[in-house]
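> First the structure, which I've put down as structure tokens, then a few questions once you've had a look.
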Amino acid sequence: MDFDLQLDYEVGLPAGLDQFGIGIIGAGFIVRDCHLVAYREAGFRVVGISSRTPERAAEVAALRGVPKAYRDHHKLLADPDVQVVDIAVPPQFQLEVVRDVIRHADHEKGILAQKPLAMNLADAREIVRLCEDAGIALAVNQNMRHDQSVRACKDLFQRGLLGEPVLGTIDMRAIPHWMPWSRDLHSLSTFVMSIHHLDCFRYWFGDPVRVMASTRTDPRTKFPHRDGINLYILEFANGCRASSWDDVWTGPVREGSQGDIGIRWRVEGTDGLARGTIGWPSYPAHTPSTLDFTTRQRGDYWFQPRWDKVWFPDAFRGTMGELLAALSAGTPPPINGRDNLRTIALVEAVLRAATEHCVVEIDPVA
């Protein structure tokens, strides 16, 4: 039996998305090296950029060919050519910036907010309500859904090649770079790092009904924090289970030992098995993620599709592109704010389970 290996690893986008002018609030390295690089390659039209430090905005604008660098984000939002706002500020400030965007809702049509959407469910709900009331389409930059191996695995389930999900696992042994703003958060790795994997499990399997979790501090991270190395198990109503080991320590590799750094995932279904790697830990080296899979429909073979795209920066084309396509079609973006409330609720539940040493039931999110 022949199989079509043209898996849906990269979202297809319609022509004409450059009709929307994009204004970016924030000029950190993710904007500089991921957002703007991906947008340029996709042909999106970036109008301008602002930052808390105007000199930084001017520097990034000059580097990436952005036409305007505004003195502050209020000037950016007042520009009638800005129809879509890419908010790239620390999560504790995102609600405040969304309120500022709403004041210019006469010409702004969409927001791409970063993950986490907020640092608690109440603030996340308020962001969603504000956007809905103003008629602004809200998308959330949960960009791991657009990692090529993650998206291709979802396609395998949709094609029926893996059957019903039984077990999914992610084994992360990587060292994140904690940004200075993360020191002020009530949660470190759960809201900043584990949120990627928790949203990925939702993308693959749907919403879990309960969680168990454990956490400890990271020996390398010197500023005060309570959640560093995270271990958690998700239970789903259909019997599926998912678990991740989010190890941000990975041994004393930076202190002189040899290292074992990487992210591996594995998904087992009733009719097949998929396994993969995530290329992100080697960034800025260009390392594509990988996928291997086998299925009962061809029981004697491992399929190994490959691509030259990478999570950072190529996945950022997907999150912004889906928002622009949704605006063009008049439909909600796939990773919309209301859906993302369920990711925030799950992240909160994992943090609570780990810190209170209890099993937490997931409440439905209205």
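> Which peptide among 76-88, 156-168 comes first, and what is the full order, when sorted by highest mean count of other Cβ atoms within 10 Å?
76-88, 156-168
> Any idea what % of Cα-Cα pairs in the stretch 224-284 are farther than 14 Å?
72 percent
> Sticking with this one: Quick one: what Rg and Dmax do you get for the stretch 28-173 from the alpha carbons, in Å?
17.7, 54
> Shifting gears a bit: Any idea what angle helix 148-158 forms with the longest principal axis of the chain, computed on alpha-carbon atoms, 0 to 90 degrees, nearest 10?
60 degrees
> Sticking with this structure for a sec: Between the helical axis of 54-64 and the dominant principal axis of the chain, each derived from Cα atoms, what acute angle in degrees is found, rounded to the nearest 10?
Computed tilt is about 70 degrees.
> So, one more: Diagonalise the Cα gyration tensor of the stretch 232-343 and give the resulting equivalent ellipsoid semi-axes, square root of 5 times each eigenvalue, largest first, whole Å.
Gyration-tensor ellipsoid for the stretch 232-343: 27, 23, 19 Å.
> List the chymotrypsin sites (Phe, Trp or Tyr not before Pro) in the stretch 246-314 that DSSP assigns to loop (not H, G, I, E or B) and whose Cβ has at most 16 other Cβ atoms within 10 Å. Which are they?
Listed in order of number, the matching sites are W307.
> Let me test this: with uniform point scatterers at the alpha carbons of the stretch 115-162, what is the Debye-based log₁₀ I(q)/I(0) at q = 0.25, 0.32 1/Å?
The calculated log intensity ratios at q = 0.25, 0.32 Å⁻¹ are -0.85, -1.10.
> For the stretch 204-259, which trypsin sites (Lys or Arg not before Pro) are in a loop by DSSP, counting at most 14 other Cβ atoms within 10 Å?
K222
> If you don't mind, there's one more thing I want to ask. For V47, enumerate residues with amide H under 5 Å from its amide H, sequence gap 5+ or separate chain, H modeled in the peptide plane.
I22, G23
> With 17 Å as the cut-off, how large is the P(r) tail for the stretch 249-311, expressed as percent of Cα-Cα pairs?
Of all Cα-Cα distances in the stretch 249-311, 54 percent exceed 17 Å.
> Restricting to DSSP H runs of at least four residues, report the calculated mean residue ellipticity at 222 nm for the chain, -39500 (n - 2.57) per run over all residues, nearest 500 deg cm²/dmol.
-9000 deg cm²/dmol
> Same structure again: Quick one: pull the percentage of alpha-carbon pairs in the stretch 119-225 with a separation above 22 Å.
49 percent
> How many Å³ per residue does the convex hull of the Cα positions in the chain occupy?
So the per-residue Cα hull volume is 140 Å³.
> Please list 174-181, 36-43, 134-141 highest first by mean number of surrounding beta-carbon atoms within 10 Å per residue.
134-141, 36-43, 174-181
> Which percent, to the nearest 5, of DSSP beta bridges fully inside the chain are antiparallel?
60 percent
> Can I ask one more? Between the helical axis of 121-134 and the dominant principal axis of the chain, each derived from Cα atoms, what acute angle in degrees is found, rounded to the nearest 10?
50 degrees
> Shifting gears a bit: Mind checking which of G48, L112, L77 is farthest towards the positive end of the stretch 36-140's charge dipole, using Cβ charges of +1 (Lys, Arg) and -1 (Asp, Glu) about the Cα centre?
Value computed over the given set: G48.
> Let me ask something else about it. When the convex hull of the Cα atoms of the stretch 37-116 is projected onto a plane and the area is averaged over all directions, what value comes out in nm²?
Seen from a random direction, the Cα hull of the stretch 37-116 projects 5.2 nm² on average.
> What area, in nm² and to one decimal, does the C-alpha convex hull of the stretch 180-306 cast on average over all directions?
With every direction weighted equally, the projected area is 10.1 nm².
> Give me a comma-separated list of calculated 3J(HN,Hα) values for the stretch 216-221, in order, Karplus coefficients 6.51, -1.76, 1.60 applied at θ = phi - 60°, integers in Hz, x for any Gly or Pro.
Karplus values, whole Hz, x for Gly and Pro: 8, 6, 8, x, 7, 7.
> Among 22-32, 323-333, 62-72, how do they line up by average Cβ neighbours within 10 Å per residue, starting with the highest?
22-32, 323-333, 62-72
Only the coordinates and a few stated rules stand behind these numbers; no lab work does. This structure is a prediction, so every number in the text was calculated from the model and none was measured. We place every Cβ from the backbone using ideal geometry, glycine too, and count neighbours over all the protein chains shown.
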